[in-house]
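Here's the structure we're looking at; comments come further down.
The values are calculated or read from the model by the stated rules, or taken from the named source; none is laboratory data. These numbers come from a predicted model, not from an experiment. Note that we place each Cβ from the backbone using ideal geometry, even for glycine, and neighbour counts take in every protein chain shown.
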Amino acid sequence: MKTLIYLATAFFLLQACNNSTVVEDYSKEVDAGKFDGTNYSCEELGWSMNFPKQIIITTKESLISADERSKDLSETSKNTSDLKRLLAFQYNMENSFQSTMEKYEGTEADFEKRVKDIHVMIYDNYLNQRTGIDSLGTEVTISGQKLQRFAIKLYDKNGKQTSSQLLYNGLINGYFTSFIMSFTNDEFGMEMEKLFRKSEFNSK
């Protein structure tokens, strides 16, 4: 259940981890994968994605800080040691992208149930915080890889939209993978999703 708990709480904390500074060696900021100019690739997933030059790679230090805050909010498992941080970047304090993977030994049916449980948990957590929310779950295919897409819009008490978030999950080469986009600016959100949808997946 640790992936479930982590993802549900991490959704609240994406903006909290956006205190990054410019770094010279991007490879130190991920647990797996490598950088080549403006391209990131992860051999374990067979995944590669281009990222824009004008962004900041989010530091591992700030992601670890978000992990610790998510553990404080969780009443169950606090072990996220198996979770590997992949490409994470931001345009500014309110518009960010991050990705993770974790070894998964369940069946595809188990995976799909877990994803649905994550969607329900995220939705309920926002409602419990008295945050207005609209959500839509769909299945998409990117470069031959099937992914579950969960889109949400958040509203203040006056019904004004405050932010949007996108969560993609996939079962790739035995890994439970998550790709999360959080944004207040629809232009940045559209650019992030467009870049992600141009990803290459070469599953083993």
- Item | Of all residues making up the stretch 91-103, the number that are over 20 Å from Glu44 (Cα atoms) and in contact with a Cys (Cβ under 9 Å, 6 or more places away or on another chain) | 1
- Query: Quick one: would you say Ile122 is modelled with pLDDT of 90 or more, β-branched (Val, Ile, Thr) and touching a helix residue (DSSP H, G or I) at 6+ places or on another chain (Cβ under 8 Å)?
  - Reply: no
- Note on the structure: The residue from Arg130, Arg149 that alone is of a type in the set (Lys, Arg) and assigned to a strand (DSSP E or B) is Arg149
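Yes/no matrix, rows are residues, columns are (1) aliphatic (A, V, I, L, M); (2) farther than 17 Å from Ile122 by Cα; (3) buried (at least 20 other Cβ atoms within 10 Å of the Cβ):
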{"residue": "Leu166", "(1), (2), (3)": "yes, no, no"}
{"residue": "Gly174", "(1), (2), (3)": "no, yes, no"}
{"residue": "Phe183", "(1), (2), (3)": "no, no, yes"}
{"residue": "Asp186", "(1), (2), (3)": "no, yes, no"}
{"residue": "Gly189", "(1), (2), (3)": "no, yes, yes"}
- Message: Which count do you get for residues in the stretch 32-65 that are at negative phi, modelled with pLDDT of 85 or more and among the small types (Gly, Ala, Ser)?
- Response: 3
- Task: Filter the stretch 176-197 down to the residues that are β-branched (Val, Ile, Thr) and either at pLDDT 95 or above or assigned to a strand (DSSP E or B) (or both), then identify the one that is nearest to Thr141 (Cα to Cα).
- Result: Thr177
- For the stretch 158-167, indicate whether the set of residues that are over 24 Å from Tyr91 (Cα atoms) and β-branched (Val, Ile, Thr) is non-empty. no
- Task: Being within 15 Å of Tyr123 (Cβ to Cβ) and at pLDDT below 95 narrows it down to one of Leu154, Leu136, so name that one.
- Result: Leu154
- Right, Thr76: over 30 Å from Thr38 (Cα atoms), surrounded by fewer than 13 Cβ atoms within 10 Å (Cβ to Cβ), of a type in the set (S, T, N, Q) and modelled with pLDDT of 80 or more or not? no
